[in-house]
Amino acid sequence: MPLRLIFMGTPEFAVPTLLALADHGHEIAAVYTRAPKPAGRGMKLQATPVEQAARQLGIPVLTPKTLRTPEAEAEFRSHSADAAVVVAYGMILPQNILDAVPLGCFNLHGSLLPRWRGAAPIQRAIMTGDAESGVMVMKMDAGLDTGDVAMAERLPITDAMTAQDLHDALAPLGADLMVRAMGALSRGGLQLTRQSEEGVTYAAKIDKAEARIDWTKSAHEVLRHIHGLSPFPGAWFEIAVDGEPVRIKVLRCELAKGSGAPGDVLDDRLTIACGAGAIRILDLQRAGKPPMKAEAFLNGTPLKPPARVS
């Protein structure tokens, strides 16, 4: 039996869930998302990916600045929804909103809770060297990702995965999981399990200050740091080109053979020594330039020993 739902989400990660719920016959009464922001060279207002998808589906879109007013609560209740689905909305739901739909608010979270509660679970899982990630459907409460869990799907993290790769794998996996959860909810068969108090970690928002590569770390740590920050904000280093420092973002790399002082260029293929072992850079982006393969970069900026990066 289809549910009448409010959908709340903002980035591209949330779009597959919105589309899947609509495709499976659930009635989306309204979509809540963040307000358009200036973007691009012209700094024109750009609607969020969720708003763009909702308008293509003909669903009413709301972009409130706050949900903490009586007016916001009244509007939320006016949709007469059975439940709300929340995917990376970007705004905390106060208790009166959580209580405003009879079956509750359900969040799709990109980690295996209670590990990586918070803002950047995909990035932190890769950066910390986790062997797996996943998605969970959780019934929301007033805490930060502390609600009871309904369903989960797991996914291995390989050393070749960037944050974008993991994001792109988890988004459709989460969409399918939420469809199954809402189906069970509509039948009265959704079972909830309290989160464990053990193994709690917090995925703090990514700070650009942590993006500089520390070549004194092991090659595996450097690789995971690079891939966890790819493509945004992008882990970076500096090299001297014609006597001037140039910032280079590394978007993809692999473990490589070789050793040397941290930051040493070991060959003419962009193999860089780390504190233990080495990495080879595969994809990169020079400041103000589009992403490119390492080979294309080296055609214009040859680098070989005894060059160093910092």
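Key figures for this structure:
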| item | result |
| --- | --- |
| Accessible-area composition of the chain, carbon plus sulfur, in percent [1.4 Å probe] | 53 percent |
| The range 176-244: GluC sites (Glu not before Pro) in DSSP coil with no more than 11 other Cβ atoms inside 10 Å | E197, E198 |
| Environment charge at L19 (Cβ cut-off 12 Å; Lys +1, Arg +1, Asp -1, Glu -1) | -3 |
| Rounded accessible area per residue of the range 191-286, 1.4 Å, Å² | 51 Å² |
| Formal net charge of residues neighbouring Y202 (Cβ-Cβ distance under 13 Å; K, R +1; D, E -1) | +3 |
| Subset of K44/K139; K65/K249; K37/K293; K208/K293; K257/K293; K208/K289 violating a 25 Å alpha-carbon distance limit | K44/K139; K65/K249; K37/K293 |
| DSSP beta bridges in the chain [antiparallel fraction, %, rounded to 5] | 65 percent |
| Accessible-area value, R180, 1.4 Å probe, nucleic acids and ligands omitted, Å² | 90 Å² |
| Cα centroid of the range 15-76 to Cα centroid of the range 126-196, whole Å | 22 Å |
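The values are calculated or read from the model by the stated rules, or taken from the named source; none is laboratory data. Keep in mind the model is a prediction, meaning the values are calculated, not measured. Ideal geometry is used to build each Cβ from the backbone, glycine not excepted, and the neighbour counts take in all protein chains shown. All accessible areas refer to the heavy atoms of the entire protein, side chains included, with ligands and DNA or RNA removed. Shrake-Rupley method; radii C 1.70, N 1.55, O 1.52, S 1.80 Å.
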